[in-house]
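**Student:** Provided herewith is a single structure, encoded as structure tokens, for subsequent inquiry.
The values are calculated or read from the model by the stated rules, or taken from the named source; none is laboratory data. Quantities reported herein were computed from a predicted structural model and do not represent experimental measurements. Counting neighbours? That spans all protein chains shown, and the Cβs are built from the backbone with ideal geometry, glycine included. These accessible areas exclude ligands, DNA and RNA; they are computed on the full protein's heavy atoms, side chains included. Shrake-Rupley method; radii C 1.70, N 1.55, O 1.52, S 1.80 Å.
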Amino acid sequence: MTDHSVLRSFLVVVALMLVLTGCQVQTEDPSFPTSTPLSDHVSTTTTTISSSRPVSTTESSATTTTATGSAAETKGLVFDVSNKVRVRSRTGIGTAPGDVKGHILRSPQDLQEARLEELELYDYRDTLDTAAYTEAFFEDKALVLVYVTLSSGSLQLTFNRLTVKDVMLTVHYTITRHTTTVTADMAYWCAVIEVDREAVQEITSLVGSGTQVNLATVGTSG
Amino acid sequence: MRFTNKHFITNRVNRFVSFICVLSLMMLSLFCPVAAVEYERNQSKISTALLQQLSSIDKTETIPVAVWLNDIEYDENAINAQANATVDVIKSTITNEKTTLNQDNNFSFLLSSGDNPEELNDTQLFLEAKRKIFFDLYTQSNTTRVETQLTADTTIDAAQVTWVSHFSPVIKMNLTKTQIISLSQHNDVEEILLDNRSIFPQGIDDDIFSDDVVPKSDNPTQVTTPYEVWQETTNITYVKSLGYDGSGVKVGLCDGGKLDYPNLDANKRRIFDTLYREGRLIADPSAYVNDPGHAISCGGVIAATDGSVPGIAPGVTLYSTAGHNRTGGDYGAIEWLISSGCRIISISAGGAETNTYEAFSKWIDHIAIQHDVTVVFSSGNGGSIGICDGAMSYNSITVGASDDRNTVSRIDDIHAPFSSYYSGSSTSLPIKPDLVAPGASIEIPGVNGSVASGIVSGGTSISCPIVAGVIALMYEMRPSLEAKQALTKAILLAGISRCGSLTRNSVAGSTITAMQTKTGAGLVDAKAMRYIAENGRFAAGTMGSGVSAHTTTFNVSSTDTYTRVCLAWLKNNRISNSHITNSPSNPACALLYLKVQAPDGTVYESKRNGGNVQLIAFTPTMPGQYTITITKAAAPSAEPNVHFGLAWY
């Protein structure tokens with residue numbers, strides 16, 4: 001009985017030592033959080049605008065609601081990047097980051113108005129070789145003119161594709177961030193995209209859909 | 001008896017074992033919490049971002065980290081005395097020799113920048129000497145600790161050390177996960193951070209449609225606020241008309257690319273022709289040119305000497321650096337500016353709108369107070385998303401953007417919607433931005449081939465160098481202010497005339513500060529700044545442990561005089577004090593209150609329980625003598641001395 005008491009006490013001490021040892025082991029082997037995996041797709045933002053001129057935020061909201069309620073199929077609108085897209089960027093213009101504005105130009109008159117009122121205004125007048133966009137061109141083609149405002153000139157914008165759903169045209173683009181810290185200059189991107197006239201015939205609204213790719217490590221300054 | 005004895009002995013053994021058990025239990029209860037606390041402490045030394053990163057790398061992969069060590073122990077008064085003694089030695093040598101110093105007998109070993117002491121005023125001499133003392137202290141301390149402790153106690157090889165700070169207890173290394181864990185248990189280590197801080201260059205022309213990119217126009221259209229309008233709005237034109245141009249002041253520019261004149265585009269660099277020819281455009285030899293477009297814009301706002309319009313302070317010497325790809329990143333770049341003798345550092349970076357008081361902000365606070373440098377930050381272009389990293393620092397001056405709406409009038413100016421502001425819920429953090437400057441599509445200095453032509457730019461990137469340029473004008477007026485960062489901020493924030501929604505008035509009987517969430521103290525005003533600086537309408541000092549209040553008076557001559565009083569103070573941020581006694585992410589800051597009493601007894605107060613600025617603005621109801629009272633509400637016991645600046649307009 002007495003020997004059992006000694007043994008029991010011994011076992012308790014051993015157990016306590018093991019517990020203490022366990023505590024020490026834990027301090028040397030901290031576990032790292034496994035949640036929050038790194039992902040390229042940090043955020044997706046969508047801004048709607050109207051295709052009818054002049055651009056109006058109020059109009060865009062109303063139009064979007066209608067378009068979203070439709071059960072129409074989403075179709076990709078193929079365009080030849082190397083030959084039919086013209087894009088420019090510059091700093092200094094823009095009001096709010098993420099703003100997307102755009103129009104569909106269906107005639108030389110539309111183009112001329114855009115050139116005078118917007119391309120001229122925002123210093124994009126040399127973006128287009130307007131001589132190529134004649135009446136003949138617009139017989140079976142149209143131009144999608146889109147502007148995107150970003151919060152930094154260090155961010156890279158890529159126009160990816162166009163999709164059509166019912167009366168809504170979506171311009172998909174990607175914003176690439178190389179590092180967490182970037183310059184604090186407002187930047188403005190403009191693209192002119194040639195598309196088949198028939199494909200955008202019914203379009204009444206134009207929507208921007210952006211995805212941000214973060215090439216920088218997560219976190220800032222630590 | 002034998003049985004009795006055996007039983008007695010057995011009982012004694014049992015009692016002894018039981019005693020041991022109880023003792024063990026007591027030890028368990030005592031040490032397990034200690035072990036747990038120690039575990040927590042070590043874990044907390046590794047930043048959250050770094051922990052996340054570590055979860056995705058394997059054991060052999062290394063990752064760049066910034067290791068913050070315990071700060072060096074020093075006596076502030078002793079350092080100042082040593083610096084003053086150095087100044088005395090230099091000045092007496094110059095006087096006794098009655099000769100011009102040359103390269104062989106300069107005092108570069110006593111001054112951080114190696115400048116010719118004959119070209120420095122007394123304040124600059126003192127600051128240079130002080131920086132040199134700290135340079136030597138930190139260099140020796142950090143190097144020694146790398147050689148004798150960190151690498152000796154761990155498996156870290158000296159070759160893994162990538163950068164050693166000369167002005168703070170920070171070392172950068174490339175470490176494996178195991179090494180980071182091991183290092184976090186080192187007593188000398190305060191915090192280990194992911195080292196990913198460097199401003200990415202503009203690079204805006206590199207898009208995927210490179211085959212079809214239309215080059216930028218060489219003749220940009222003037223579509224927005226012309227240079228002369230926003231300079232009128234901010235009264236910079238007025239101050240420059242008095243002959244001020246920032247002469248004698250060194251301004252640093254930390255950007256995504258550096259202004260290495262010979263390697264700049266032949267057209268774009270023309271705005272710096274004179275600056276470069278006169279040896280006043282100096283590029284960091286360790287930095288890369290990268291894409292300097294953004295740096296040209298920001299540097300041009302401050303110091304353009306040629307082209308369409310001059311910069312705000314074309315008389316300054318402009319030092320240019322870039323953290324991207326540079327050893328030490330932005331830390332290394334900024335330290336180069338400090339060692340070069342810059343008094344003002346302009347950093348137009350954003351994008352990482354953390355809205356928190358993070359590591360880079362803490363480091364900026366440390367640098368600003370210890371090395372007497374005025375750091376000016378852009379707030380970022382994220383609007384309500386929040387303030388970008390670094391700009392939440394208490395001791396920096398954070399600048400947001402205003403929209404001048406293309407008019408000279410200040411009354412119709414508004415907050416630019418993209419301009420970032422602190423939108424968090426913490427009342428202990430400072431209100432940021434501290435003030436605003438034009439930044440919504442304005443014309444800045446530029447060149448179009450052989451023809452001078454302004455270019456349009458926008459964002460808080462432009463607002464930031466506008467304020468940096470105004471500070472350069474201030475330092476030219478009052479060189480002694482170069483050593484007084486709190487007073488610099490107080491003068492800027494008090495020196496603002498009415499500007500509509502960008503400012504607001506205090507209410508008699510209320511304790512709410514006149515600082516506003518989105519626009520801080522309001523729109524920068526060079527004329528009001530000059531009025532305060534030249535007329536000495538300020539006070540500065542240190543409130544030590546035995547001092548709880550400070551009082552001064554000023555006279556108001558007319559009831560239509562818009563009156564503002566600003567109190568700013570510095571956050572002491574020696575690393576060890578902040579980290580050991582407080583959470584690493586929230587070092588203590590002293591708290592001061594401000595009160596102004598009118599001759600008729602009317603009281604205006606600013607008692608914001610956070611940050612390090614109090615502001616009162618009102619239209620006086622009667623002329624006469626007004627009394628300002630500063631009250632010390634709290635100060636950390638480890639850092640009882642509170643350096644403050646007070647200005648009234």
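**Student:** Is there a residue in segment B:280-291 that is within 23 Å of B:S419 (Cβ to Cβ) and in the same structural domain as B:G446 (by TED's automatic domain parsing)? Explain how you work it out, then say what you get.
**Tutor:** Taking segment B:280-291 and keeping what is within 23 Å of B:S419 (Cβ to Cβ), we get none.
No: segment B:280-291 contains no residue that is within 23 Å of B:S419 (Cβ to Cβ) and in the same structural domain as B:G446 (by TED's automatic domain parsing).
**Student:** What's the total number of residues in segment B:229-263 that are part of a loop (DSSP other than H, G, I, E, B), open to solvent by less than 10 Å² (accessible area, probe 1.4 Å) and aliphatic (A, V, I, L, M)?
**Tutor:** Step one: list which residues in segment B:229-263 are part of a loop (DSSP other than H, G, I, E, B), which gives B:234-235, B:242-249, B:256-260.
With the extra rule that they be open to solvent by less than 10 Å² (accessible area, probe 1.4 Å), the set shrinks to B:234, B:246, B:249, B:256-257, B:259.
Then keep just the ones that are aliphatic (A, V, I, L, M); that gives B:249, B:259.
Result for segment B:229-263: 2.
**Student:** Next question. Search segment A:154-178 for residues that are touching a residue at least 40 places away in the same chain (Cβ under 8 Å) and closer than 18 Å to A:H103 by Cα and pair each with any residue that is open to solvent by less than 20 Å² (accessible area, probe 1.4 Å) and in a loop (DSSP other than H, G, I, E, B) when their beta-carbon atoms are under 8 Å apart and the residues are at least 6 apart or on different chains.
**Tutor:** The qualifying pairs are A:F159/B:F209; A:V164/A:I203; A:V167/A:I203; A:M168/A:I203; A:L169/A:S51; A:L169/A:I203.
**Student:** To continue, here is another question. I'd like the full set of residues that are under 19 Å from B:G329 (Cα atoms) and in contact with a helix residue (DSSP H, G or I) (Cβ under 8 Å, 6 or more places away or on another chain), limited to segment B:374-395.
**Tutor:** Passing the criteria: B:V375, B:V376, B:F377, B:S378, B:D389, B:G390, B:A391, B:S393.
**Student:** Taking into account only those residues within segment B:373-415 that are more than 19 Å from B:V229 (Cβ to Cβ) and surrounded by fewer than 21 Cβ atoms within 10 Å (Cβ to Cβ), which is farthest from the other protein chains (Cβ to nearest Cβ)?
**Tutor:** Here the answer is B:S384.
**Student:** Tell me whether segment B:310-325 contains one or more residues that are modelled with pLDDT under 95, closer than 20 Å to B:P285 by Cβ and open to solvent by 10 Å² or more (accessible area, probe 1.4 Å).
**Tutor:** Yes, there is a match, as at least one residue in segment B:310-325 is modelled with pLDDT under 95, closer than 20 Å to B:P285 by Cβ and open to solvent by 10 Å² or more (accessible area, probe 1.4 Å).
**Student:** I'd like the full set of residues that are without any contact (Cβ under 8 Å) to a residue 60 or more places away in the chain and of a type in the set (F, W, Y), limited to segment B:321-364.
**Tutor:** B:W336
**Student:** Same structure again: With the structure loaded, tell me whether B:L110 is at pLDDT below 80, open to solvent by less than 50 Å² (accessible area, probe 1.4 Å) and not in a helix (DSSP H, G or I) or whether it fails that test.
**Tutor:** Numbers: at pLDDT below 80: no; open to solvent by less than 50 Å² (accessible area, probe 1.4 Å): yes; not in a helix (DSSP H, G or I): yes.
So B:L110 does not fit the description; no.
**Student:** Additional query: Taking the condition within 11 Å of chain A (Cβ to nearest Cβ), polar (S, T, N, Q), more than 24 Å from B:I236 (Cα to Cα) and surrounded by fewer than 24 Cβ atoms within 10 Å (Cβ to Cβ), does B:T356 pass? If you could, list the steps in order and put the result at the bottom.
**Tutor:** Numbers: within 11 Å of chain A (Cβ to nearest Cβ): yes; polar (S, T, N, Q): yes; more than 24 Å from B:I236 (Cα to Cα): yes; surrounded by fewer than 24 Cβ atoms within 10 Å (Cβ to Cβ): yes.
So B:T356 passes the test.
**Student:** I would also like to ask the following. Which one of B:L567, B:L615, B:L591, B:L646 is within 30 Å of B:Y138 (Cβ to Cβ) and at pLDDT 85 or above? Show your work before the answer.
**Tutor:** Numbers: B:L567 fails: within 30 Å of B:Y138 (Cβ to Cβ); B:L615 fails: within 30 Å of B:Y138 (Cβ to Cβ); B:L646 fails: within 30 Å of B:Y138 (Cβ to Cβ).
The unique qualifying residue is B:L591.
**Student:** Check off (1) within 11 Å of another protein chain (Cβ to nearest Cβ); (2) polar (S, T, N, Q); (3) outside any helix (DSSP H, G or I) for B:S426 and give me the number that stays unchecked.
**Tutor:** Answer for B:S426: the failing condition is (1).
**Student:** Considering segment B:275-305 alone, what residues qualify as being charged (D, E, K, R) and either free of Cβ contacts under 8 Å to residues at least 40 places away in the same chain or open to solvent by 10 Å² or more (accessible area, probe 1.4 Å) (or both)?
**Tutor:** Residues of segment B:275-305 charged (D, E, K, R): B:277-278, B:280, B:284, B:291.
Once the filter is applied, which keeps residues that are charged (D, E, K, R) and either free of Cβ contacts under 8 Å to residues at least 40 places away in the same chain or open to solvent by 10 Å² or more (accessible area, probe 1.4 Å) (or both), segment B:275-305 yields B:R277, B:E278, B:R280, B:D291.
**Student:** Of all residues in segment B:511-550, count the ones that are over 18 Å from B:Y562 (Cα atoms), touching a residue at least 60 places away in the same chain (Cβ under 8 Å) and not hydrophobic (A, V, I, L, M, F, W, C).
**Tutor:** Qualifying residue count for the region: 10.
**Student:** As an exercise: evaluate B:T542 against (1) open to solvent by less than 30 Å² (accessible area, probe 1.4 Å); (2) at pLDDT below 95; (3) within 23 Å of the chain's Cα centre (by Cα) and give the number of the one condition it does not meet.
**Tutor:** Only one criterion is unmet by B:T542, namely (1).
**Student:** Hey, can you tell me all the residues within segment B:343-353 that are modelled with pLDDT of 90 or more and more than 7 Å from chain A (Cβ to nearest Cβ)?
**Tutor:** B:R343, B:I344, B:I345, B:S346, B:I347, listed by residue number.
Residue-by-condition table, conditions (1) more than 28 Å from the chain's Cα centre (by Cα); (2) at pLDDT 50 or above; (3) under 30 Å from B:N267 (Cβ atoms); (4) within 7 Å of chain A (Cβ to nearest Cβ):
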{"position": "B:T178", "(1), (2), (3), (4)": "yes, yes, no, no"}
{"position": "B:S184", "(1), (2), (3), (4)": "no, yes, no, no"}
{"position": "B:E190", "(1), (2), (3), (4)": "no, yes, no, no"}
{"position": "B:L194", "(1), (2), (3), (4)": "no, yes, no, yes"}
{"position": "B:S198", "(1), (2), (3), (4)": "no, yes, yes, yes"}
{"position": "B:G203", "(1), (2), (3), (4)": "no, yes, yes, yes"}
{"position": "B:S217", "(1), (2), (3), (4)": "yes, no, yes, yes"}
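**Student:** Let me ask something else about it. Find the residue count for segment B:586-613, including only residues that are touching a Phe, Trp or Tyr at 6+ places or on another chain (Cβ under 6 Å) and outside any loop (DSSP other than H, G, I, E, B).
**Tutor:** Looking only at that region, the number is 3.
**Student:** Answer yes or no as to whether B:G495 is crowded, with 22+ Cβ neighbours inside 10 Å and within 20 Å of B:L594 (Cβ to Cβ).
**Tutor:** Values: crowded, with 22+ Cβ neighbours inside 10 Å: yes; within 20 Å of B:L594 (Cβ to Cβ): yes.
Yes: the conditions hold for B:G495.
**Student:** Right, another one. Restricting the search to segment A:150-187, which residues are part of a strand (DSSP E or B), closer than 30 Å to B:S346 by Cα, at the interface with another protein chain (Cβ under 9 Å from one of its Cβ atoms) and not polar (S, T, N, Q)?
**Tutor:** Narrowing segment A:150-187 to residues part of a strand (DSSP E or B): A:150, A:156-165, A:168-177, A:181-183, A:187.
Still in the running and closer than 30 Å to B:S346 by Cα: A:150, A:156-157, A:175-177, A:181-183, A:187.
Restricting the remaining residues to those that are at the interface with another protein chain (Cβ under 9 Å from one of its Cβ atoms) gives A:150, A:156-157, A:177, A:181-183, A:187.
Correct list: A:L150, A:L157, A:R177, A:V182, A:A187.
**Student:** Report yes if B:A391 is in the same structural domain as B:L337 (by TED's automatic domain parsing), within 15 Å of the chain's Cα centre (by Cα) and either among the polar types (S, T, N, Q) or under 16 Å from B:L337 (Cβ atoms) (or both), otherwise no.
**Tutor:** Values: in the same structural domain as B:L337 (by TED's automatic domain parsing): yes; within 15 Å of the chain's Cα centre (by Cα): yes; either among the polar types (S, T, N, Q) or under 16 Å from B:L337 (Cβ atoms) (or both): no.
Against the criterion (in the same structural domain as B:L337 (by TED's automatic domain parsing), within 15 Å of the chain's Cα centre (by Cα) and either among the polar types (S, T, N, Q) or under 16 Å from B:L337 (Cβ atoms) (or both)), B:A391 does not qualify.
**Student:** As an exercise: evaluate B:G341 against (1) assigned to a loop (DSSP other than H, G, I, E, B); (2) open to solvent by less than 10 Å² (accessible area, probe 1.4 Å); (3) under 27 Å from B:L523 (Cβ atoms) and give the number of the one condition it does not meet.
**Tutor:** (3)
**Student:** Out of (1) farther than 23 Å from B:L435 by Cα; (2) open to solvent by less than 50 Å² (accessible area, probe 1.4 Å), the odd one out for B:P226 is which?
**Tutor:** The single condition B:P226 does not satisfy is (1).
**Student:** Here is a further query. If a residue has to be open to solvent by 10 Å² or more (accessible area, probe 1.4 Å) and touching a helix residue (DSSP H, G or I) at 6+ places or on another chain (Cβ under 7 Å) to count, how many in segment A:166-195 make the cut?
**Tutor:** 4
**Student:** Got a sec? Which strands (runs of 3 or more DSSP E) wholly within segment B:157-206 have at least 2 residues that are open to solvent by less than 20 Å² (accessible area, probe 1.4 Å)?
**Tutor:** On the way: elements: B:161-164, B:170-176, B:189-194.
In segment B:157-206, the matching strands (runs of 3 or more DSSP E) lie at B:170-176, B:189-194.
**Student:** Also, quick follow-up: Please determine, by comparing only the residues of segment B:279-293 that are over 14 Å from B:A333 (Cα atoms) and away from every other protein chain (no Cβ under 14 Å), which one is farthest from the chain's Cα centre (by Cα).
**Tutor:** B:G279
**Student:** Can you go through B:T178, B:T148, B:T162 and tell me which one is without any contact (Cβ under 8 Å) to a residue 60 or more places away in the chain and not small (G, A, S)? So that I can check it myself, show each step before the final result.
**Tutor:** Details: B:T178 fails: without any contact (Cβ under 8 Å) to a residue 60 or more places away in the chain; B:T162 fails: without any contact (Cβ under 8 Å) to a residue 60 or more places away in the chain.
That would be B:T148, the only listed residue that is without any contact (Cβ under 8 Å) to a residue 60 or more places away in the chain and not small (G, A, S).
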